[in-house]
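Enquirer: Next up is a structure, given as structure tokens.
Computed from the coordinates by the stated procedures, all read-outs in this text should not be read as laboratory data. Here the structure is a predicted model, which means the values were calculated and not measured. Don't worry about glycine lacking a Cβ; one is built from the backbone with ideal geometry, like all the others, and counts go over all protein chains shown.
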Number of protein chains: 2
Amino acid sequence: MPNPTAAMLVIGDEILSGRTRDANMHHLAQELVKVGIDLKEVRVVSDDPDAIIAAVNDLRASFGTVITSGGIGPTHDDITADCIARAFGVSIDVRADARKILEDRYALMGTEINESRLRMARIPDTATLIENPVSGAPGFTLENVHVMAGVPSVFQAMVASVLPTLASGQPLLGQTLRIDRGEGDVAAPLAALAAQFPMLSVGSYPFQQNGAYGTNIVIRGVDGAIVDDAMAKLAALFPGDND
Amino acid sequence: MPNPTAAMLVIGDEILSGRTRDANMHHLAQELVKVGIDLKEVRVVSDDPDAIIAAVNDLRASFGTVITSGGIGPTHDDITADCIARAFGVSIDVRADARKILEDRYALMGTEINESRLRMARIPDTATLIENPVSGAPGFTLENVHVMAGVPSVFQAMVASVLPTLASGQPLLGQTLRIDRGEGDVAAPLAALAAQFPMLSVGSYPFQQNGAYGTNIVIRGVDGAIVDDAMAKLAALFPGDND
């Protein structure tokens, strides 16, 4: 049975404008691979309602799970929750359970809960909340879409709380062999090896170091013994050129 | 007149599997903003022909320029050029101009040009070549789609050679003000300010430092005097809390 699939939707003008380098994509990719969920696509869209709604509807129809990042804070440019509600055609308002979480949090901090902060309690109807142990304001899950904050520490905490609820697959086991030859020399024997192991993914990643060309070969599969076998055959193809 | 638009398509199992952290997206975003081209969407898809073809056709119909990254090397997993040809419905084969570039390059290096390396001379009909001063093998342009290598040094060189050929817009000028208060305190006056300057983009990015909450406000626009005016009004809203 193939592994479950996932997609990620990053909502963020700050990434598209080059101001911020995304960190959440890399974190999510590493977490999903550990539990055997195949991350198939990532989209980064701007803070534009039509773009967000179209992307979330496209991705939730195409993949088993969708995880979004960004745009659920208290400011005027935080429009993700409202867009998700529109994408699903459900209503959205300040919800009592989310409001209670914020009230308790701000009472503890001695901070007043104002109109802006209450925006973070706007949760679409029928959604369940995702806990935010870092800063209180919850994310939420609506069907197969999990809406999380963009701040990396909060995103990571939300991923940690949602991942165990998802159907997992067979984790891909990967091994890497560094070969001190250019891709052009490696390509033909590598293609033959890949054809011999159709159940494995065989990737080739060139690099340059001190002016010399080299290639990292990554072999991945769910059966460790088969990966080991392919790696041994790969090493034997390039004696003296690998470490 | 609105700025020209662009999208990026990253082809890369290595990014979706968490093995590699993408660097090209951040570089391209920073370069485009300098010349007033609005990067509207980035998609990362796996090394799967159907996914690549669907994404490139979707993006090239929706945005002025599409830049792709990855999958044009000599190995069996380098399938981008063939997918682009299929997306446009044009034929593809080893082309004399690209072959000449590779032959000259490898002659200079004393390296044999084998079948695998010749794969890098497969260029779709009617495409024009993009120079690769780093490692020889060219990228190519087909209509509004520019196909570039994934290796960051090569990608950056190709971006540098294509950018001057694109219609540019008005570069966004951006200024950032750090306010030592949480987003929840900043949100209401900030929304009022944003409403007062509909021609500007006003973004709010929370952070935590030494346990205290703060917010970076980024104001962007094409008219520097208006950005200055908005920044001065912003600073006046939070006297003593900004630096």
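Enquirer: With no solvent and one equal point scatterer placed on each C-alpha of region A:1-143, evaluate the Debye formula and give log10 I(q)/I(0) for q = 0.09 Å⁻¹, two decimals.
Expert: Each listed q maps to, in turn, -0.29.
Enquirer: Let me ask you something else. Kindly provide the helix-only [θ] at 222 nm of chain B, computed as the sum of -39,500 (n - 2.57) over DSSP H runs of four or more divided by all residues, to the nearest 500 deg cm²/dmol?
Expert: The helix-only estimate for chain B comes to -11500 deg cm²/dmol at 222 nm.
Enquirer: Around B:GLU103, what is the net charge, scoring Lys/Arg as +1 and Asp/Glu as -1 over all other residues with Cβ under 13 Å from its Cβ?
Expert: +2
Enquirer: Can you tell which of B:THR75, B:THR126, B:THR165 shows the greatest fluctuation in a Gaussian network model of chain B with Cα springs below 10 Å?
Expert: Greatest mean-square fluctuation among the candidates belongs to B:THR165.
Enquirer: Give the lysines reachable from B:LYS40 as a straight Cα distance under 22 Å; neighbours fewer than 8 places away on the same chain don't count.
Expert: A:LYS40
Enquirer: Here's another thing I want to ask about it. Taking beta carbons within 10 Å but only from partner chains, what does the mean come to for residues A:190-202?
Expert: 2
Enquirer: Straight-line reach from B:LYS233: which aspartates and glutamates have Cα under 18 Å away, leaving out those fewer than 8 places along the same chain?
Expert: Filter leaves B:ASP180, B:GLU183, B:ASP185, B:ASP223, B:ASP241, B:ASP243.
Enquirer: Separate question: In nm, to one decimal, how far is the B:GLU112 label point from the A:ALA160 one, both placed 7 Å along Cα→Cβ?
Expert: The answer from the label model is 5.4 nm.
Enquirer: For A:SER91, place a label point 7 Å out from Cα along the Cα→Cβ vector, do the same in each other copy, and report the separations in nm, one decimal, smallest first.
Expert: 6.2
Enquirer: OK, next. What is the mean number of Cβ atoms from other protein chains located within 10 Å of the Cβ atom of each residue in peptide B:134-141, rounded to a whole number?
Expert: 1
Enquirer: In a shell of Cβ-Cβ distance under 12 Å around B:VAL66, excluding B:VAL66 itself, what net charge do Lys and Arg (+1) and Asp and Glu (-1) give?
Expert: 0
Enquirer: Taking B:ARG181 in one copy and the same position in all the others, each labelled 7 Å out along Cα→Cβ, what are the pairwise distances from the first, in nm, shortest first?
Expert: 6.6
Enquirer: Once the label point is set 7 Å along the Cα-to-beta-carbon vector, what list of distances in nm do you get between B:PRO164 and its counterparts in the other copies?
Expert: The projected label point of B:PRO164 is separated from its counterparts by 5.8 nm.
Enquirer: At 7 Å along Cα-to-Cβ for each site, give me the label-to-label distance between A:ASP180 and B:ASN57 in nm.
Expert: Between A:ASP180 and B:ASN57, the simple spin-label model gives 4.7 nm.
Enquirer: Tell me, for the rotation carrying B onto A, which chain B residue has the beta-carbon closest to the axis and what that distance is in whole Å.
Expert: So the closest residue, with its distance, comes out as B:ARG43, 3.
Enquirer: At q = 0.08, 0.12 Å⁻¹, what log₁₀ I(q)/I(0) does a Debye calculation on the Cα points of chain A give, no solvent, two decimals?
Expert: So the normalised log intensities are -0.42, -0.77.
Enquirer: Please give the net charge around B:ARG43, taking every other residue with its beta carbon less than 9 angstrom from that of B:ARG43, where Lys and Arg add +1 and Asp and Glu add -1.
Expert: Local net charge: -2.
Enquirer: Within a 10 angstrom radius of each residue's Cβ in B:177-189, how many Cβ atoms of other chains show up on average? Whole number is fine.
Expert: So the per-residue partner count for this stretch is 5.
Enquirer: Which of the GluC sites (Glu not before Pro) found in region B:81-134 are in a DSSP loop and have at most 10 neighbouring Cβ atoms, other than their own, within 10 Å?
Expert: Those that pass, being in a loop and sparsely packed, are B:GLU112.
Enquirer: Please compute the Cα-Cα pair-distance distribution of the protein assembly as shown with 20 Å bins starting at 0, giving whole percents from short to long.
Expert: 22, 51, 24, 2
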